[in-house]
Amino acid sequence: MGTHVCPWWGGYFIDNPLRRWLHNPERILSPYVRPGMTALDFGCGMGMFSIALARLVGVGGHVIAADLQPQMLDVLQQRAQRAGVAERIRPHRCQSDSMGLDASIQSVQFALAFYSAHEALDLRRLLAELHHCLSPDGRFLVVEPVGHVTASDFGNMMELAQQIGFRELERPRVRLSRAAVLGKL
């Protein structure tokens, strides 16, 4: 969705054992994700968080793994197959200016944008699309890197989210990151 999108081959540098130690997906996600949920991973890359989400939602749950780059989605599918969770993950290729999800999708109980929202061409549109597809009691976890997103920029993102209809529920601690859990007003 953005002009500053990480190149697909950069995913191999981003998704590695050191990163999984630094940002343990199960530890970060488990307070918010339960078996049977439908989850959305925006900017899923090669699947570090999508595969963890698929494990957490279990056999009765589903994960929509959304990314702009087909190469990322191809690697994600291969990794999900090896992890035994491919049937729970639906890869979705975003459009250059929107997520491009079916307008009828309104049942996502958990949405994640980990180090990806700042790459959106139109942040207002992204947040509006996420708000639309989130169930009334759903949660949206946005995590941004301190090196790319200043405290002021993150504050502006939270103000924009509030204008769209989100409310901030908490600020979880995520290493080297700014993070917030949002719900619908």
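May I ask for the net charge around residue 149, where only other residues with Cβ less than 12 Å from the Cβ of residue 149 are counted and Lys, Arg are +1 while Asp, Glu are -1?
Once all neighbours under 12 Å are counted, the net charge is -2.
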>> Nearest 5 percent is fine: what portion of the DSSP beta bridges confined to the range 72-185 is antiparallel?
In response: 60 percent
> What ranking do 76-85, 51-60 get when scored by the average of other Cβ atoms within 10 Å per residue, highest first?
Replying inline: 51-60, 76-85
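Round to a whole number: what % of the accessible area of the chain belongs to carbon and sulfur, probe 1.4 Å? Intermediate values should be presented prior to the final figure.
Working: 4660 of 8830 Å².
Its accessible area is 53 percent carbon and sulfur atoms.
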> Sorted by accessible area with a 1.4 angstrom probe, largest first, how do 148, 118, 23 fall?
Replying inline: 148, 118, 23
>> Tell me the relative contact order for the chain as a rounded percent, counting alpha carbon contacts under 8 Å between residues six or more apart.
In response: 20 percent
> Would you list 93, 167, 88 from the most to the least accessible area, probe 1.4 Å?
Replying inline: 93, 167, 88
>> On a 1.4 Å probe surface of the protein chains, which of 115, 32 comes out largest in accessible area, and what is the full order?
In response: 115, 32
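The values are calculated or read from the model by the stated rules, or taken from the named source; none is laboratory data. Small disclaimer: the values here were computed from a predicted structure and weren't measured. No Cβ is skipped: glycine too gets one built from the backbone with ideal geometry, and neighbour counts run over all protein chains shown. Just so you know, the surface numbers come from the protein's heavy atoms only, side chains and all, with ligands and any DNA or RNA stripped out. Shrake-Rupley method; radii C 1.70, N 1.55, O 1.52, S 1.80 Å.
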